[in-house]
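Derivation of every value follows stated rules applied to the coordinates shown; laboratory data play no part. Keep in mind that what you see is a predicted model, and the values were worked out from it rather than measured. Reconstructed Cβ throughout: ideal geometry from the backbone, glycine too, with neighbour counts over all protein chains shown.
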Amino acid sequence: MADRHEDLLVAVGLRKSYDVDAAPVRALRGADLAVQAGELVAVTGPSGSGKSTLLNIVAGLERPDEGSVRLLGRDLVDASETELARIRRRHLGIVFQFFNLLDGMTAVENVALAALAGGASRRAAVERAHELLDLLGLLGRASALPPSLSGGERQRLAIARALANDPDLLLADEPTGALDSESGAEVLEVLTRLHTAGRTLVVVTHSPEVAAAATRVVAMRDGEVVR
């Protein structure tokens, strides 16, 4: 794990285009991003500014057309798919706007499955899952299926799953975007508590409340970082 104030993530000159209706759309136009260990960085900007594309690339879920990404000194752009999967399991936690939970598995099983994928034994994975559910106020819902949970509970469950392998960097794409104001405030409280405990987070958001809680705000427009 990187020491506090060392660069944990460095992305330089990221460019990415997509073909939409046979016409190229430039999602990123040379975006740069550096994140130090211990930061809570909010990435803001209007819809279509490239925020989610930037997050997907630094998460290793997409590859840029040009540019470089290094996480803890590891090159993500030239890594094989197998290497990328291993890096994501060991070093990254990803939280999606619409949860991406397995609806047929209980809360504890959703978290334990992530720990199992990271190499934990079944017993250790279940213990880790219960520990995280307790941390996020969901221990009493351990046997519940995701469809029976509220939106805020599902997002807290998604955060617990993202923490299953004690990642160096937690990435969140609009984590309060699908929630009402009360549930959004609960999730923001969880994120700030994790940051206070020493976690490094990058959060893509439209929320002024989330941006206000960040240690640094990165503003994007038209595929570029403008502030």
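Brief remarks follow.
- Every residue from region 103-135 that is touching a Pro at 6+ places or on another chain (Cβ under 8 Å) and closer than 24 Å to Leu201 by Cβ: Ala107, Asn110
- Exactly one residue out of Val225, Val218, Val202, Val210 is under 26 Å from Gly60 (Cβ atoms), surrounded by 15 or more Cβ atoms within 10 Å (Cβ to Cβ) and touching a Pro at 6+ places or on another chain (Cβ under 9 Å), and it is Val210.
- Those helices (runs of 4 or more DSSP H) lying entirely in region 59-140 with at least 2 residues over 30 Å from Gly13 (Cα atoms) and acidic (Asp, Glu): 122-135
- Residues that are touching a residue at least 40 places away in the same chain (Cβ under 8 Å) and part of a loop (DSSP other than H, G, I, E, B) were ranked within region 200-222; the one that is farthest from Gly38 (Cα to Cα) is Asp222.
- The one condition from (1) under 18 Å from the mean Cα position of the chain (by Cα); (2) surrounded by fewer than 22 Cβ atoms within 10 Å (Cβ to Cβ); (3) touching a residue at least 40 places away in the same chain (Cβ under 8 Å) that Leu191 does not meet is (2).
- All positions within region 213-225 that are over 18 Å from the mean Cα position of the chain (by Cα) and under 22 Å from Thr200 (Cα atoms): Val225
- Listed conditions (1) within 18 Å of the chain's Cα centre (by Cα); (2) crowded, with 20+ Cβ neighbours inside 10 Å are all met by Leu138, apart from (1).
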